[in-house]
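To keep things clear, I will list the structure first and then write my remarks on it.
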Amino acid sequence: MNNEVARTPARDNRVLHDGLEGVLVAETRLSEVDGERGRLVIAGHDVEELAESHGFEELLALLWGEHVPLAPGPARLDPQLGSGSDAWQRALADGRMRAFERLPTLGATLELENGMDALRAAVAQLPESTQASELVAALPVFAAAWQRTRLGLKAVPPDPQKRHAEDLLHMLGQAPDSDKTRALDTYLVTVSDHGLNASTFAARVVASTASDDVSALVAALCALKGPLHGGAPGPVLDMLDAIADEAKAKPYLRREIAEGKRIMGMGHRIYRVRDPRALTLERAVEALSRALSARGHAQDEAVRGRLALARAVEHQAEALLRAKKPERPLRANVEFYTAVLLEAVGIPRALFTPLFAAARSSGWLAHIAEQRTRGRLIRPASRYVGVLPARSDELA
Ligand code: COA
């Protein structure tokens, strides 16, 4: 450092928002997360109502058709699509067909070990000009093809007559089942959008630089992959497997907490009460279990048992976390019952996060469009705490 004197930077009086907690950086018409009251509104509807009475196509029509102002330029959402869900069904069906035609060009992408790595690599190969609806449609096609490839099976072509949720199960090689389709549709709608979560923020940051939709979508996928965000439901099931018996929940959880481990599926940055999505998904599993039971389906007992175990584990985890951290409510989040629902629908756990991406892509693309129409370049500041060499004009 020659004759320069190293010193630490002068303290500045700007407030540091660690993890950007509570910092407002955008206005949105897409969704509202009220963490104190446990209320989630998506496209002007409470999530409970949406999940109960709307499918994924209707959700898209609401979220994109009415709530995103169309912007001029390449980033705009498909202008021919209004608020009718039939148009959305056709657009998604076309998009799935086009994505399927691309599979032979993806090379070794579908052989990657991790489903999110495969999805990220496959999406990155889509042309920049790909329409937003085609991007949403492509994710389940790539996810299902990845799953089939790792099983050594041929990809199943989409059926354009089917709705999105039904076709997803079809592409995974499952027999048609209207009750499971309904449960999956509930899941897709429930997790479609959620304010400025980490992956949506990542997408908006990239969109704010005037980059393209595909790049913004890849950024969102990268953020979602992390276990603190979209990677939690697989580990939730691992935990339920390890506990296996309600009586073992308390000692297991106590040990994990004593070792300083986080209980997956518990806690949230925004919610100080139970995540309302945990309720919609828990109800959907309950409805599926009832429907399976009414049909005398062999799987009914397994679903009922899993749901009972999950409820017991949630109850114990909540109590133990309350005792450990009374000042910080740590309640079940969406991932807890995502794990139970997707398992009941027959989705392998390696596909949990890719399917979360397939659903959340609806919100990501809407936020990307919204960012372009309303937002400025997102560029926060950092406080330098490294060594500051003295400048020669400051030396005595
Ligand atoms: N299990 C045990 N302790 C937890 C916890 C969990 N699931 N979640 C948070 N905590 C504890 C933290 O250890 C921290 O304790 P400390 O103050 O003694 O260090 C405190 O609660 C606050 O946690 P913090 O990391 O500041 O909260 P956050 O808002 O940054 O994190 C999550 C939110 C979701 C990342 C966090 O709750 C978590 O890791 N949950 C598990 C993963 C998960 O389910 N992710 C899906 C989210 S939808």
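The values are calculated or read from the model by the stated rules, or taken from the named source; none is laboratory data. Every value quoted in this text rests on a predicted model; they were computed, and no experiment measured them. With ideal geometry, Cβ positions are generated from the backbone for all residues, glycine too; neighbour counts draw on all protein chains shown. Heavy atoms of the whole protein, side chains included, go into the accessibility calculation; ligands, DNA and RNA do not. Shrake-Rupley method; radii C 1.70, N 1.55, O 1.52, S 1.80 Å.
I'd like to verify a number: residues in segment 185-242 that are under 13 Å from A358 (Cα atoms) and either among the hydrophobic types (A, V, I, L, M, F, W, C) or touching a Pro at 6+ places or on another chain (Cβ under 8 Å) (or both), how many?
So the count comes out to 8.
Residues in segment 332-378 that are within 13 Å of the ligand (Cβ to nearest atom) and more than 15 Å from the chain's Cα centre (by Cα): how many?
Number satisfying all stated conditions: 1.
So if I check each of L92, L168, which one is in contact with a His (Cβ under 6 Å, 6 or more places away or on another chain), under 23 Å from L60 (Cβ atoms) and buried (at least 17 other Cβ atoms within 10 Å of the Cβ)?
After applying the criteria, what remains is L92.
Counting just the residues of segment 1-44 that are of a type in the set (A, V, I, L, M), modelled with pLDDT under 85 and surrounded by 10 or more Cβ atoms within 10 Å (Cβ to Cβ), which one comes out nearest to L196 (Cα to Cα)?
Looking at the filtered set, the residue picked out is A6.
Does any residue in segment 294-321 that is of a type in the set (D, E) come within less than 6 Å, Cβ to Cβ, of a residue that is surrounded by 20 or more Cβ atoms within 10 Å (Cβ to Cβ) and assigned to a helix (DSSP H, G or I) six or more places away or on a different chain, and which pairs are these?
That search, which allows pairs on different chains as well, returns D300/L292.
From the list D213, D179, pick out the single residue that is crowded, with 21+ Cβ neighbours inside 10 Å, more than 16 Å from the chain's Cα centre (by Cα) and more than 16 Å from the ligand (Cβ to nearest atom).
D213
Any residue at all in segment 178-190 that's without any contact (Cβ under 8 Å) to a residue 60 or more places away in the chain and more than 27 Å from L62 (Cα to Cα)?
Taking every residue of segment 178-190 in turn, none turns out to be without any contact (Cβ under 8 Å) to a residue 60 or more places away in the chain and more than 27 Å from L62 (Cα to Cα).
Looking for something within 20 Å of L59 (Cβ to Cβ) and in contact (Cβ under 8 Å) with a residue 12 or more places away in the chain - is there at least one such residue anywhere in segment 150-157?
No, segment 150-157 contains no residue that is within 20 Å of L59 (Cβ to Cβ) and in contact (Cβ under 8 Å) with a residue 12 or more places away in the chain.
Tally time: how many residues in segment 228-283 are near the ligand (Cβ under 9 Å from one of its atoms), touching a residue at least 60 places away in the same chain (Cβ under 8 Å), open to solvent by 70 Å² or more (accessible area, probe 1.4 Å) and farther than 21 Å from V189 by Cβ?
The number of residues fulfilling the criteria is 1.
Mind listing whichever residues of segment 139-155 are among the small types (G, A, S) and within 22 Å of P233 (Cα to Cα)?
Listed by number, the residues that qualify are A143, A144, A145.
Of the residues that make up segment 303-310, is at least one under 27 Å from the mean Cα position of the chain (by Cα), within 14 Å of the ligand (Cβ to nearest atom) and open to solvent by less than 60 Å² (accessible area, probe 1.4 Å)?
Yes, segment 303-310 contains a residue that is under 27 Å from the mean Cα position of the chain (by Cα), within 14 Å of the ligand (Cβ to nearest atom) and open to solvent by less than 60 Å² (accessible area, probe 1.4 Å).
Can you pull out every residue in segment 95-117 that is touching a residue at least 60 places away in the same chain (Cβ under 8 Å) and surrounded by 20 or more Cβ atoms within 10 Å (Cβ to Cβ)?
Correct list: R96, G115, M116.
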